[in-house]
Every structure is written in C-alpha cells, then in structure tokens.
Amino acid sequence: MGPVIISLNLSEWINLLIGFLIGIGFGFSLEQAGFSSSRKLAGMFYGYDTTVLKVFFTAAIVALLGSQFLSYFGLLDLDLVYVNHYYVGASIVGGVIMGAGFIMGGFCPGTAMSAASIGKIDAFVFLLGGLVGAFLFAETYPLIEEFATSSYKGPVKISDWIGISDGLFAFILIIAAVVLFWFAEYAEKRFKRPDIIEDINS
Amino acid sequence: MYMNPYIAGIILGIVLLSAMYFSGRGLGASGGIKYCVVSLVGALDQEHVESSSYYKNYFQGNQKPLNNWLVFEVLGVLVGGFASGAISGRLKFKVEKSPNISARKRFLMAFLGGIFFVYGAQLARGCTSGAALSGMAVLSIAGFVTMIAIFGSAYLFAWFFRKNWI
C-alpha cells in the first residue's frame, strides 16, 4: 500500500532517487507540452494560446482521480499524502505576487527550469531572479513573519470545507474543467494570433 | 511540434500521481530554488545563519539543505527537459521575446518576474507546481486559493504588460 516509501520503510537515499526520477518525468512533460516557451505560456493571459489551462487542469484531474481510486481500492493511504497547509492571507497575497511575476517574467519556476534546460536564455535570467527572490524572502522574513504565519487553518480539504464528499467535489471539478476547456478553445479562435503561434513553433 | 495539450496533461498527471504514490507528496519547483539559496548562504556566512531563525531552521541537527527531495527532483527536471528538447529537436540557445521589445527589456522583465514569483511562492508556501497543481490534486483549499490568486492576478496585470507580449 502506498506511499511506498513509508510502507516499505525505504531509506532516505532511495526516496531522493525516486525524486530525481520523478523530476525527469516532470521536466519531460513540461517541455513536451510547450511550457518551455514563454510566449506560449503568456498566451494564456491574452487568449491566443490556452495550453496552460488544458495541461494544468487535465493533470490535476488525472492525479486527483488516480489517487481517489487508488485509495478506494486500498492501494494508497491518502492520510499519509501531504496536504498543503492553509494560511489564508499568505496564500492570497503570495498568489497575487506570483501572478505579477508570471506576467512580467513569462514563466513560473518549474516552466523556467524546463525552458532553461533547452537553452532559453530568458529562462536562465528568470531563474537568477528567482534565486534573488528566495534570498530577499529569507532576509525580509523577520519583517513579514507575523503576516506569513497568521490566519492558519491547517491542512484543510476543500471538500470538507464545503461539506461534501471528495468524490462529489471531484465530479464537480471535472464538469468545471470541461466548461473551461470549451471556453479555452473558443478563446483561441476569438483572440488568434497566427504570427505569435508561428514564432512559438519555430 | 509540441504534444497535444490534453495528452501532455495526462502524462503530467501520471507523474504527479507517481510522486503521491511513491513518496507521499506532490511536485515542486520554487522549493528547490530556496534550498539552493539557503545552502549557499550557509556555506558563505555561517554567523548569519546562526543569527537568523529562518536559516537556522534548515540546518538543525546537522541537516544539509541540499539533501532534499525537491533538490533532486529539480535536477531531474533539468535532465527531463533536456531529453525532451533533444528528442524533439528544440535544443537551441535563444532569447524568446515579442518583436516589440528589445532583448535587454526582456531580460529585465524576466529577472524582475523571477524575483516576484519566487518571493510570492515562499510566502504562499509553494508555486504553480507545489501549491496550485499538487494542492488541487489532494483537494487542499490552499491549492485552490493559490491557483485562483495566481491566475486572477496575472489576468489583472496582463493589460499593463501587454506590449511585452502581443
């Protein structure tokens, strides 16, 4: 029963090796999806290319349904899988800062790594900025610590918060994703930019 | 040509599911950057680390910040991205930008974007991978809130930065 690393009590080095192998799959799928292109990623915010939404929601739903089914058949103990802790203010303000960084830089950290790995120089520069950002956070932490740790709610699940089952929420999320996919396909026609698409594919 | 986005999404989802099944956790990216910085500061200025509750935390009990799942995963991301680029013939040094702006402006915006993104990710305890994608897969409310905040904010600011992209 999963998580394998816990049930088989494997050593930390095996876990790090698994992390490395999973990283290979992560980097490979990001690059294949076209997330190594900042103009493709930015298309999400101007409508001419909505790959981000399609890949992101498909991946989230596959992992969500996969883990729910594995749990249902007794193959994965979801209580042992990390659930992100919820700090209301920090999640919202951090997300807003990230969104500004996204539209300025054209990458998020993972996509910048996949882009840098194939030679995109702007992605290297983004990652340099990222190192500076992490350093600035560490140095300014005493000033923002109170805010960063305020309004703590614990590892809350959205299904519990609404008061419905995980399965029902997953079903609603799939319906929402299908509507969003339809809207994304429409946006690509409505805001199409053949010149930019050609540049992305060149 | 890039892969069909829905198929790429299925593969990415299986990768994320594997992380949950094997290691009991989600994917990440900004955390790897953080551990590199913490380790670097530790190597350069031990006194500073001792005097800071933030850094000290990462060295407790002789811990080495680089011996971390995320650091190894991030190394894998670079290998996997490179392999994908090699297979699809996309390995090329290139500055990707709109013809409306100079390479210098693109570098400035990329640098600033990197600072903002990773700073925000430290505050929200995860970026698009660790908080939004992995968080949504385990139905974490933090994941959904962070996802909406990232994309909502990017749409809000998109108008101001449109000359950089379209």
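The values are calculated or read from the model by the stated rules, or taken from the named source; none is laboratory data. Keep in mind it's a predicted model, so treat the numbers as computed, not measured. Every residue, glycine as well, gets a Cβ built from its backbone with ideal geometry; the counts of neighbours run over all protein chains shown. The protein model used for the area step is the full one, side chains on, heavy atoms only, and it has no ligands, DNA or RNA in it. Shrake-Rupley method; radii C 1.70, N 1.55, O 1.52, S 1.80 Å.
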Aspartates and glutamates whose Cα lies under 18 Å from that of B:LYS163, excluding same-chain neighbours fewer than 8 positions away
A:ASP49, A:ASP122, A:ASP195, A:ASP199, B:GLU96
Descending principal axes extents, chain B, alpha-carbon based, whole Å:
50, 39, 35
With each run of n ≥ 4 DSSP H residues scored as -39500 (n - 2.57), what mean residue ellipticity at 222 nm is computed for the protein assembly as shown after dividing by its residue count and rounding to the nearest 500 deg cm²/dmol?
-22000 deg cm²/dmol
Once amide H atoms are placed 1.01 Å from N in the peptide plane, what residues at a sequence separation of 5 or more from A:TYR86, or on another chain, have their amide H within under 5 Å of its amide H?
A:LYS153, A:GLY154, A:VAL156
Using modelled backbone amide H atoms (1.01 Å from N, in-plane), which distant-in-sequence or interchain residues come within less than 5 Å of A:LEU76's amide H?
A:GLY2, A:SER71
When the dipole is taken about the Cα centre of chain B, and only Lys, Arg (+1) and Asp, Glu (-1) are charged at their Cβ, what size is it in debye, to the nearest 20?
680 debye
Cα-based equivalent ellipsoid, the range A:84-156: semi-axes from gyration tensor eigenvalues, Å
27, 14, 10
Tell me: how much accessible area in total is hidden between B and A, 1.4 Å probe, Å², nearest 100?
10700 Å²
From the phi of every residue in the range A:150-155, what ³J(HN,Hα) in whole Hz does the Karplus formula 6.51 cos²θ - 1.76 cosθ + 1.60 yield, where θ is phi - 60° and glycine or proline is x?
7, 6, 7, 10, x, x
The range B:60-166, accessible surface, carbon-and-sulfur percent (1.4 angstrom probe)
69 percent
Just how large is the dipole of the range A:1-133 about the Cα centre, in debye to the nearest 20, putting +1 at every Lys and Arg Cβ and -1 at every Asp and Glu Cβ?
380 debye
Once you have the Cα-Cα distance between A:ARG190 and A:PHE147, take 0.36 nm times their residue separation minus that, and quote the gain in nm to one decimal.
11.3 nm
How much accessible area per residue does the protein assembly as shown have, counting only protein heavy atoms and a probe of 1.4 Å, in square angstrom?
43 Å²
Most fluctuating residue of A:PRO155, A:PRO142, A:PRO109 in a GNM of chain A with Cα springs under 10 Å: which is it?
A:PRO142
Anything in chain A that counts as a DSSP H helix reaching 20 Å or more along its axis (C-alpha) with Kyte-Doolittle mean of at least -1.0? List them, would you?
A:12-33, A:51-72, A:88-105, A:121-148, A:166-190
Among the listed pairs A:LYS40/B:LYS105; A:LYS192/B:LYS92; A:LYS40/B:LYS92; A:LYS40/A:LYS120, those beyond 24 Å (Cα-Cα):
A:LYS192/B:LYS92
Here, chymotrypsin sites (Phe, Trp or Tyr not before Pro) of the range B:1-97 satisfying both criteria (DSSP loop; at most 11 other Cβ within 10 Å) are B:PHE93
Considering the zone a paramagnetic label at A:LEU136 would reach in this model (a point 7 Å from Cα along the Cα-to-Cβ line), which residues of the range A:87-107 have amide N under 19 Å from it?
A:90-107
With a 10 Å radius around each residue's Cβ, average the other Cβ atoms per peptide and rank B:153-164, A:163-174, highest first.
B:153-164, A:163-174
Sort the following peptides by mean Cβ neighbour count (other Cβ atoms within 10 Å, averaged over residues), highest first: A:179-187, B:102-110.
B:102-110, A:179-187
Partner chain coverage, peptide B:35-43 - average Cβ within 10 angstrom:
3
Inside 10 Å of the C-beta atoms of A:43-51, what's the mean count of C-beta atoms belonging to other chains?
4
Per the 1.4 Å probe, what fraction of the accessible area of the range A:1-118, in percent, lies on carbon and sulfur atoms?
71 percent
Cα-based convex hull volume of the protein assembly as shown per residue, rounded to whole Å³:
130 Å³
